[in-house]
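Reviewing the structure listed below.
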Amino acid sequence: MPIRIVQLGSARADGEGVRIGTVRRPPRGVPREEFARKNWYDVWYPNLAPSAEAVKLALSARTTAEWKVFAKKYRAEMATPENRHTLALLAELSRHTCFSVGCYCEDASRCHRSILSELLTEAGATMA
């Protein structure tokens, strides 16, 4: 029962399960009651989103070296006890139920969700 990493707002895959939005802000211009119906997310969990400072680093990263600076900062943010516990919880849940986590970014390779996927794998999660 693996975790899927998804782009929020994209069509849902069969068996995807609950979609968790790991973003700092809800989608603009979308009423809250339409988030799930329009495939944004079922549950908003900004705790796993990068800080505003880290987002600025990611958005301005033009080189691999600059992206690595963002990745290091985001990994440090996810290393707090609270976030480590969340990652451990999600890893355990991945053995028992289907769900997905995601972000809005089009390019997954330049999105925190690619690093989140690595962190979940490192925590022992079953990944799609």
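Can you tell me which residues in the range 91-128 are more than 26 Å from Ala61 (Cβ to Cβ) and within 13 Å of the chain's Cα centre (by Cα)? Correct list: Phe99 only. Of the residues making up the range 32-80, those that are part of a loop (DSSP other than H, G, I, E, B), of a type outside the set (S, T, N, Q) and either open to solvent by 50 Å² or more (accessible area, probe 1.4 Å) or over 21 Å from Leu8 (Cα atoms) (or both) number 8. Among the residues making up the range 14-31, those that are under 15 Å from Ser100 (Cα atoms), open to solvent by less than 90 Å² (accessible area, probe 1.4 Å) and out of contact with any Ser or Thr (no Cβ under 8 Å at 6 or more places or on another chain) are Gly15, Gly21, Thr22, Val23.
In the range 83-120, how many residues are in a helix (DSSP H, G or I), out of contact with any helix residue (DSSP H, G or I) (no Cβ under 7 Å at 6 or more places or on another chain) and either at pLDDT below 95 or over 18 Å from Lys72 (Cβ atoms) (or both)? Of the residues in the range 83-120, 6 are in a helix (DSSP H, G or I), out of contact with any helix residue (DSSP H, G or I) (no Cβ under 7 Å at 6 or more places or on another chain) and either at pLDDT below 95 or over 18 Å from Lys72 (Cβ atoms) (or both).
Here Met1 clears all of (1) open to solvent by 70 Å² or more (accessible area, probe 1.4 Å); (2) at pLDDT 95 or above except the condition numbered (2). Checking each residue in the range 85-124 for being among the hydroxyl-bearing types (Ser, Thr, Tyr), in contact (Cβ under 8 Å) with a residue 60 or more places away in the chain and surrounded by fewer than 14 Cβ atoms within 10 Å (Cβ to Cβ) picks out only Thr97.
The values are calculated or read from the model by the stated rules, or taken from the named source; none is laboratory data. None of these values were measured; they are calculated from a predicted model. Because the Cβ atoms are built from the backbone with ideal geometry, glycine has one as well, and the counts that use them run over all protein chains shown. These accessible areas exclude ligands, DNA and RNA; they are computed on the full protein's heavy atoms, side chains included. Shrake-Rupley method; radii C 1.70, N 1.55, O 1.52, S 1.80 Å.
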